[in-house]
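The values are calculated or read from the model by the stated rules, or taken from the named source; none is laboratory data. Because the structure is a prediction, the values reported are computed rather than measured. FYI the Cβ positions are ideal-geometry reconstructions off the backbone, even for glycines, and counts take in every protein chain you see. Each accessible area value is taken on the protein alone, full model and side chains, heavy atoms only, with ligands, DNA and RNA left out. Shrake-Rupley method; radii C 1.70, N 1.55, O 1.52, S 1.80 Å.
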Amino acid sequence: MFALFTLGTLLGNGAYLVHLGQTPLIISHRGVDAKNGVQNTIPALRKTAQAKPNYIEIDIQETKDHKFVVMHDENLKQLADLDTSPQELTLAQLTALTVHENGHQAKIPSFDEYLSVAKQYEQKLLVEIKTTKRDSKNMLKNFFDTYKTTLKQNDHELQSLDYKVITSAKKYAPTLNAYYILPYNFIFPQTPANGYTMEKTTLNDSFVTQAKLSFKKVYSWTVNSEEDLKKAAFLDVDGIITDNVTEARWVYHNFNANTSYANRLLDAVILLPE
């Protein structure tokens, strides 16, 4: 009976059988590895790049003077102890600020500076464009006019929660890979995005299968525990976004090197959703 259950489960997850042992791309969440610096800053980038993630994920926002700064939060209170938004300050004002996190401190970097340092390390980026109601009318056109060539030349990718970013990317820079971020798995969307970044708790094999049938890639976030890392591999996602790059690489190395085929089949039955 158990053998029949196991066989049925595995046949229902054919992608796993085809890609058994395949390691997803490892993507550093906000440019850090195990709290090695302040998120989205240059010192953290330099440290994390040494762990050789496939991509470093960062967040960018528009400034008051229509430039771009590397920053996740819409308010600077938590990191810089300043109750204001990036859109209310100029790039010069923002890059003069010091941010603090996890016992580290660093200056807020401009997007241009971050791109320059990433190039030094030959580090590819997954750039999340964050939009707000305070953005200028031509923010997205300005962004793509300024950066589409650099992004393409260095094999960087884009993602956003804002569907308008995806459609703008396909309008102004159609050859760039752009991923639509989905916090929940309700229904498989029909969009021009190259793929989807989905929060791990509702991602399942059905969504991944539909994505592959539609020639779309799937990234899962934020994948940190050993169990979740293995589950992502069994689901055959294309990449995982993690706070712990070094640990993820260690888990996948040991999993591929030391786990028997039979044990992987058993793990698949335990970890994959029904």
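List of remarks:
- All positions within region 207-222 that are more than 19 Å from residue 124 (Cα to Cα) and either touching a residue at least 12 places away in the same chain (Cβ under 8 Å) or aromatic (Phe, Trp, Tyr) (or both): 207, 208, 209, 210, 211, 212, 214, 215, 216
- Of all the residues in region 50-67, those that are open to solvent by 10 Å² or more (accessible area, probe 1.4 Å), closer than 29 Å to residue 133 by Cα and part of a loop (DSSP other than H, G, I, E, B) number 4.
- Within region 104-123, if we keep just the residues that are touching a residue at least 60 places away in the same chain (Cβ under 8 Å) and not in a helix (DSSP H, G or I), the residue that is most open to solvent (accessible area, probe 1.4 Å) turns out to be 105.
- Residue 157 under 19 Å from the mean Cα position of the chain (by Cα), in contact (Cβ under 8 Å) with a residue 12 or more places away in the chain and open to solvent by less than 80 Å² (accessible area, probe 1.4 Å): yes
- Qualifying positions in region 218-227 - surrounded by fewer than 20 Cβ atoms within 10 Å (Cβ to Cβ) and not polar (S, T, N, Q): 226, 227
- Put simply, of 25, 82 the only residue that is within 13 Å of the chain's Cα centre (by Cα), modelled with pLDDT of 95 or more and surrounded by fewer than 18 Cβ atoms within 10 Å (Cβ to Cβ) is 25.
- Residue check for residue 98: touching a residue at least 12 places away in the same chain (Cβ under 8 Å), touching a strand residue (DSSP E or B) at 6+ places or on another chain (Cβ under 9 Å), of a type in the set (S, T, N, Q) and surrounded by fewer than 17 Cβ atoms within 10 Å (Cβ to Cβ): yes
- Number of the condition not met by residue 142 [criteria: (1) out of contact with any His (no Cβ under 8 Å at 6 or more places or on another chain); (2) more than 16 Å from residue 56 (Cβ to Cβ)]: (1)
- Taken over region 175-217, the residue count meeting the criterion of being of a type in the set (Phe, Trp, Tyr) and open to solvent by 50 Å² or more (accessible area, probe 1.4 Å) is 3.
- Screening region 68-79 for residues that are touching a residue at least 12 places away in the same chain (Cβ under 8 Å) and assigned to a loop (DSSP other than H, G, I, E, B) and picking the one that is surrounded by the fewest Cβ atoms within 10 Å (Cβ to Cβ) gives 74.
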